[in-house]
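Q: Below you'll find the structure I mean.
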There are 2 protein chains.
Amino acid sequence: MSETMFPDFENLGNAVGYAEKIRQVVGHNALFDDFTVEDLKHLGPYMHVYRAPPHGRIIVEGERGDFMAFTIDGLVDVTKKDRWDVVKRIAVVQAGAALGEMSMIDGEARFASCAAIEATTFAVLTRVKLQELITNEPRLASKILMKLVYMLSQRLRQTSAKLVNYLEK
Amino acid sequence: MSETMFPDFENLGNAVGYAEKIRQVVGHNALFDDFTVEDLKHLGPYMHVYRAPPHGRIIVEGERGDFMAFTIDGLVDVTKKDRWDVVKRIAVVQAGAALGEMSMIDGEARFASCAAIEATTFAVLTRVKLQELITNEPRLASKILMKLVYMLSQRLRQTSAKLVNYLEK
């Protein structure tokens, strides 16, 4: 993990010390195994934790990016420009949210911007670290990916449900 | 796998014999390891293959469902009722598409209906089989989940990009 990834943010080191905190915010999926504190301690060395001040930009729309962020506390504004370049808020997210996972996985430009509303602590997982995790800890990697599929499914349900009302028959 | 899952469709047995065919349609992600034929042969026993005739209903909006389908050939109409109960087409998908993965993962009701437009061959993966796969073949499970995250990300980008143009500032 580069030391200069977020030069303006407080660098809180790897995520080993945040295992219990992350477990509390990560949420629960009744259908599949949850993360144990043990899992998150194994995950710790693969992630790096930062703290953004209010207005700190975590992700910038249109940029390239090979990492995702997982919010541990705080509040984050998610905005996107529409086709007329007007900035629109598409979500406000709290602790336990995944940010930037689409670009991490598909390599395309950042879809939206994410900026801290209040001071926000977040753990970063890069594409390279995810690949290492799949190789070294495939069972744990499966849990993370399952969690991402779950989050993306929920967001896709919400987004598609809104959109369908605008579609022509 | 229940023999009666799709009683009206041709039952083509498990997916072992479809490894090469699936590999051809599964697509390519330059950022992560692709599926090898070897992978798909390992996957075969966990999936079951059916062939739906034209108009055959693969997934029904509002129902409960604990499986996803992966299309091997054919053409599928994806429709959803809007808030006025008007049925709207939200997509037409070809070989290589994932259907029903949201309900498989989050356990909620089917978001949309999927029906064959022309005769369509598809492989079914149930939640139980996915859990077995995570336990028995975690590296392979990671590849499948990565593929699902990739597909969901692409769909979420497309859906959100359309929706943002309708949002108020």
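The values are calculated or read from the model by the stated rules, or taken from the named source; none is laboratory data. Everything numeric in this text was worked out from a predicted model, so none of it was measured. Here the Cβ is made from the backbone with ideal geometry for all residues, glycine too, and neighbour counts use every protein chain on show.
Q: Can you run down the residue pairs with Cβ atoms below 6 Å, 6 or more apart or on separate chains, where the first is in the stretch B:146-169 and at the interface with chain A (Cβ under 7 Å from one of its Cβ atoms) and the partner is surrounded by 14 or more Cβ atoms within 10 Å (Cβ to Cβ) and assigned to a loop (DSSP other than H, G, I, E, B)?
A: B:146/B:32; B:150/B:29; B:157/A:111; B:164/A:82; B:165/A:82
Q: Something else about it: Filtering the stretch B:10-28 down to residues that are touching a helix residue (DSSP H, G or I) at 6+ places or on another chain (Cβ under 6 Å) and buried (at least 18 other Cβ atoms within 10 Å of the Cβ), which residue is nearest to residue B:41 (Cα to Cα)?
A: My answer is B:19.
Q: Looking only at the stretch A:55-86, count every residue that is touching a Phe, Trp or Tyr at 6+ places or on another chain (Cβ under 7 Å), small (Gly, Ala, Ser) and assigned to a strand (DSSP E or B) and tell me the total.
A: The total comes to 1.
Q: Follow-up. Test residue B:69 against the criterion of being at the interface with chain A (Cβ under 10 Å from one of its Cβ atoms), touching a residue at least 24 places away in the same chain (Cβ under 8 Å) and buried (at least 22 other Cβ atoms within 10 Å of the Cβ), and give yes or no.
A: Values: at the interface with chain A (Cβ under 10 Å from one of its Cβ atoms): no; touching a residue at least 24 places away in the same chain (Cβ under 8 Å): yes; buried (at least 22 other Cβ atoms within 10 Å of the Cβ): yes.
When the stated conditions are applied, residue B:69 does not pass them.
Q: Which numbered condition in (1) in contact with a helix residue (DSSP H, G or I) (Cβ under 8 Å, 6 or more places away or on another chain); (2) touching a residue at least 12 places away in the same chain (Cβ under 8 Å); (3) closer than 20 Å to residue B:80 by Cβ is the only one that residue B:99 fails?
A: Evaluating residue B:99 over (1) in contact with a helix residue (DSSP H, G or I) (Cβ under 8 Å, 6 or more places away or on another chain); (2) touching a residue at least 12 places away in the same chain (Cβ under 8 Å); (3) closer than 20 Å to residue B:80 by Cβ leaves (1) as the failure.
Q: Inspect all residues belonging to the stretch B:107-116 and state whether any of them is surrounded by fewer than 20 Cβ atoms within 10 Å (Cβ to Cβ), among the basic types (Lys, Arg) and within 12 Å of another protein chain (Cβ to nearest Cβ).
A: Scanning the stretch B:107-116, I find at least one residue that is surrounded by fewer than 20 Cβ atoms within 10 Å (Cβ to Cβ), among the basic types (Lys, Arg) and within 12 Å of another protein chain (Cβ to nearest Cβ), so the answer is yes.
Q: Quick one: how many residues across the stretch B:7-25 are without any contact (Cβ under 8 Å) to a residue 60 or more places away in the chain and within 15 Å of the chain's Cα centre (by Cα)?
A: Keep residues of the stretch B:7-25 that are without any contact (Cβ under 8 Å) to a residue 60 or more places away in the chain, which gives B:7-11, B:13-14, B:16-17, B:19-21, B:23-24.
With the extra rule that they be within 15 Å of the chain's Cα centre (by Cα), the set shrinks to B:23.
Counting residues in the stretch B:7-25 that are without any contact (Cβ under 8 Å) to a residue 60 or more places away in the chain and within 15 Å of the chain's Cα centre (by Cα) gives 1.
Q: Now, a different point. From the set of residues in the stretch A:114-132 that are over 12 Å from the mean Cα position of the chain (by Cα) and of a type in the set (S, T, N, Q), which is modelled with the highest pLDDT?
A: A:120
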